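The values are calculated or read from the model by the stated rules, or taken from the named source; none is laboratory data. From a predicted model like this one, the values you see are computed outputs, not experimental measurements. Ligands, DNA and RNA are stripped out before the accessible areas are found, and what is left, the full protein with its side chains, is counted by its heavy atoms. Shrake-Rupley method; radii C 1.70, N 1.55, O 1.52, S 1.80 Å.
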Amino acid sequence: MPNEAVKPSRRDASTYEIAWLPGDGIGPEVTREALRALDAVASAHGFAFTAEEHLMGGAALDEAGVPFPDDTRTACQESDAVLLGAVGGPKWNDNTGDQRPESGLLALRKALGVYANLRPVRVSNALASASPLRPDRVSGADLLFVRELTGGIYFGTPEGRTDDGARSTMVYSEAEVERIAHIAFQRAQRRNGHVTSVDKANVLEVSGLWREVVTRLREEHYPDVALRSLYVDNAAMQVVRDPQQFDVVLTGNLFGDILSDLAAALPGSLGLLPSASIGGAVGVFEPVHGSAPDLAGEDAANPIGTILSAALLLDELGEHEAAEAVRHGVDATLDAGFRTRDLAANDEEAVSTSTFGREVATRAADHSPQNASPSLS
Ligand code: IPM
Ligand code: MG
């Protein structure tokens with residue numbers, strides 16, 4: 001496993017160093033609630049953590065002139081996990097090239113080698129009514145997007161302006177397709193045993209390769225997993241028409257970006273979706289949503305996507321019970337009727353980001369060992 005190989009001399013394994021990159025817009029507010037949830041479960045589950053704050057995105061551009069400063073890179077590489085808020089905002093919209101906040105995020109992903117972006121989308125019964133789609137269609141939907149994150153058209157060269165236009169190229173090597181497909185098949189083995197691979201093989205050469213490699217890999221290594229390939233346009237329609245047909249959805253970088261935002265409409269808000277970017281020595285955990293500049297500073301954003309990202313962070317560190325406690329905290333808070341503005345029926349019924357976060361933390365702590373009802377031991 002890369003973790004052990006890269007860092008043979010870890011300090012006490014039960015203290016984790018988290019690199020905290022709040023970023024821009026609502027990033028600081030939502031990551032604070034994720035840290036609150038971690039804090040609520042840590043000691044009861046036998047670990048401690050530190051969260052050191054570092055500049056990222058537009059905030060880093062303003063203070064250090066670059067969106068992903070060297071100090072931040074080093075801190076991330078030396079950490080056990082990276083917790084990120086969001087980057088970007090209107091202030092930097094006219095920036096180009098490596099002066100864009102978003103280019104810092106891509107550089108971070110590349111620097112850490114996190115080629116596998118996992119984006120689970122689950123529609124709980126409590127939320128089915130918040131969906132813009134018919135509750136009977138979305139209720140119980142449980143998808144896992146496995147998005148390739150460090151290749152494809154996001155990183156293709158040559159890229160840039162030409163004499164009469166511009167050029168972006170989509171490139172995938174066989175090895176890049178293989179490693180992300182392995183992740184998708186292995187996740188499917190632990191879930192419902194079904195992978196849908198998304199491509200545009202009727203048009204793009206790179207998708208033809210993608211489909212060939214994925215099909216071969218399944219035949220050679222995962223005969224127990226069912227595989228089908230869909231063109232991306234059809235996949236988009238199917239996600240909305242009948243989301244319950246999906247288990248693991250394997251995609252390249254751009255298609256995964258688009259389809260995961262689309263899938264956020266299933267539970268009714270982009271604010272709900274977490275992500276884990278893994279495959280390198282250190283994982284990056286961030287909500288799927290952006291910096292939502294219109295909500296920034298209002299204590300109104302939905303922190304669930306980031307809190308659930310913290311749960312994925314715990315899973316990745318092997319702290320599964322603590323991760324479960326955090327997820328329980330979120331579910332129980334929703335079951336108790338708390339809703340942030342994006343999910344509330346009206347503004348009067350909405351609670352703030354920090355109120356929601358405190359409710360989650362309390363319930364996550366209640367679900368943790370020292371507070372559990374006495375057991376037989
Ligand atoms: C995401 C975001 C990023 C992406 C942007 C901010 C660069 O949309 O994480 O989905 O396109 O990967
Ligand atoms: Mg996106």
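Based on the alpha-carbon gyration tensor of the chain and its eigenvalue square roots a ≥ b ≥ c, which shape applies: rounded if a/c is under 1.5, prolate if not and a/b is larger than b/c, or oblate?
rounded
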Rolling a 1.4 Å sphere over the protein heavy atoms, what is the accessible area per residue of region 142-265, to the nearest Å²? 46
With Rg from the Cα atoms and Rh as the Kirkwood inverse mean 1/r over Cα pairs, region 231-334 has an Rg/Rh of 0.99
Pairwise centroid distance, computed over Cα atoms, of region 299-347 with region 149-203, Å: 30
Quick one: what are the phi-derived ³J(HN,Hα) couplings along region 82-99, Karplus 6.51/-1.76/1.60 with θ = phi - 60°, whole Hz, x for glycine and proline? 10, 10, 10, x, 7, 10, x, x, x, 4, 10, 4, 8, 5, 10, x, 7, 9
Amide proton proximity set for residue 250, modelled H, under 5 Å, gap of 5+: 146, 196, 197, 198
Per-residue ³J(HN,Hα) for region 169-181, Karplus 6.51 cos²θ - 1.76 cosθ + 1.60, θ = phi - 60°, Hz, x for Gly and Pro: 10, 9, 10, 9, 8, 4, 4, 5, 5, 4, 5, 6, 5
A student applying the Cα gyration tensor rule (rounded when a/c is under 1.5; otherwise prolate if a/b is larger than b/c, oblate if not) would label region 278-377 oblate
Which value in deg cm²/dmol, rounded to the nearest 500, describes the helix-derived mean residue ellipticity at 222 nm for the chain, given -39,500 (n - 2.57) per DSSP H run of n ≥ 4 and division by the residue count? -12500 deg cm²/dmol
Return the carbon/sulfur percentage of the accessible area of the chain, one whole number, probe 1.4 Å, all protein chains in place. 48
Under the Karplus curve 6.51 cos²θ - 1.76 cosθ + 1.60, θ = phi - 60°, whole-Hz ³J(HN,Hα) for region 33-38, x wherever Gly or Pro sits: 5, 5, 5, 4, 5, 4
Residues with amide H under 5 Å of residue 16's amide H, sequence separation 5 or more or different chain, H placed in the peptide plane at 1.01 Å from N; which? 48, 49, 50
Potential extension, residue 64-residue 298 segment - 0.36 nm per residue separation minus Cα distance: 81.6 nm
